[in-house]
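None of the figures in this text is laboratory data; all of them are computed from the coordinates on show. These numbers come from a predicted model, not from an experiment. Glycine gets a Cβ as well: all are built from the backbone with ideal geometry, and neighbour counts include every protein chain shown.
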């Protein structure tokens, strides 16, 4: 009996170890091997299809041509940064020489106005989409909470939301352009009009998903939680802070993730039309350029746009997990 028990005890640790390694192996297969296989198959189909497509600008670029363009874009960025550094060095030397001759000389510092690089345009697009998204969140989340808490306000706002929700954000772009040009008049503007136009367009497309999801999440709060708030006689502000926001957090972040994804897609088209210096303008300029490398540069931009959109969504998901009391509520 004792020997049987000791044999069983000795056999359990290897079994647990085997299960542990099996779990790690399955995890690696699901998170690494299968995605890499899918990417490899996609690249092979892309390379094979590109060889059979001829356009007015030449052959459609395959993965190798696009990869080469990434290297060229990086070199162009470094070259432009070197020009900027040399410009500021020459400017500083000239100013020092003038000060040596005339100590009362007023130093003039001019900004480098060279060509924006691909990396600069990525940064501009990110600043634009995040600015528009934050402005929309500042408006939409409080409005959604108010609509969810008040049936009267919901009845008043819902028709407006339903009318404007299906409108393409790009339909707003001509109107936004005209309004910005008429209202934002300054001899020394702090922000470029093209930037404001793109940002406001992004804000308009972000509003509706956040308002709808926030109001639905607030309206769906468990009645027991509402009753507890009434029993404790919480003030309206405390009720929102302690009851409404924690309970509606998953739906609020769902609306924010939807809005951010839509905003990133809309921004590229808005930058094309508004000629705002971002990724959209880069794609449009390359299309208008019509050189032999334009297609591969556009394809490189498309890959970057998709990858940044993925990172924005993953980033919002991580913020949701940090902000939500239920760490498992965040969808993958």
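A compact table of results
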{"read-out": "Inter-probe distance in nm under a simple model that places probes 7 Å from Cα toward Cβ, at residue 160 and residue 42", "value": "4.1 nm"}
{"read-out": "Of 261, 309, 290, the one that fluctuates the most in a GNM where the chain has Cα springs shorter than 10 Å", "value": "290"}
{"read-out": "Nearest-0.05 FRET efficiency for residue 318 and residue 139, computed from C-beta distance (R0 25 Å)", "value": "0.55"}
{"read-out": "Of 32, 302, 231, the one that fluctuates the most in a GNM where the chain has Cα springs shorter than 10 Å", "value": "32"}
{"read-out": "Choice from 310, 287, 25 with maximal GNM fluctuation in the chain (Cα, 10 Å cutoff)", "value": "25"}
{"read-out": "Theoretical gain in end-to-end length, residue 76 to residue 94 [0.36 nm per residue, Cα-Cα removed]", "value": "3.8 nm"}
{"read-out": "Calculated over segment 24-157: convex hull of Cα atoms, volume per residue (Å³)", "value": "355 Å³"}
{"read-out": "The chain - Rg and Dmax from Cα coordinates, angstrom", "value": "27.8, 104"}
{"read-out": "The chain - percent relative contact order, Cα under 8 Å, separation 6 or more", "value": "20 percent"}
{"read-out": "Sequence of 20, 239, 77 once ranked by neighbouring C-beta atoms within 10 Å, starting from the fewest", "value": "20, 77, 239"}
{"read-out": "Segment 243-299: Cα Rg divided by the 2.2 N^0.38 Å rule of thumb", "value": "1.72"}
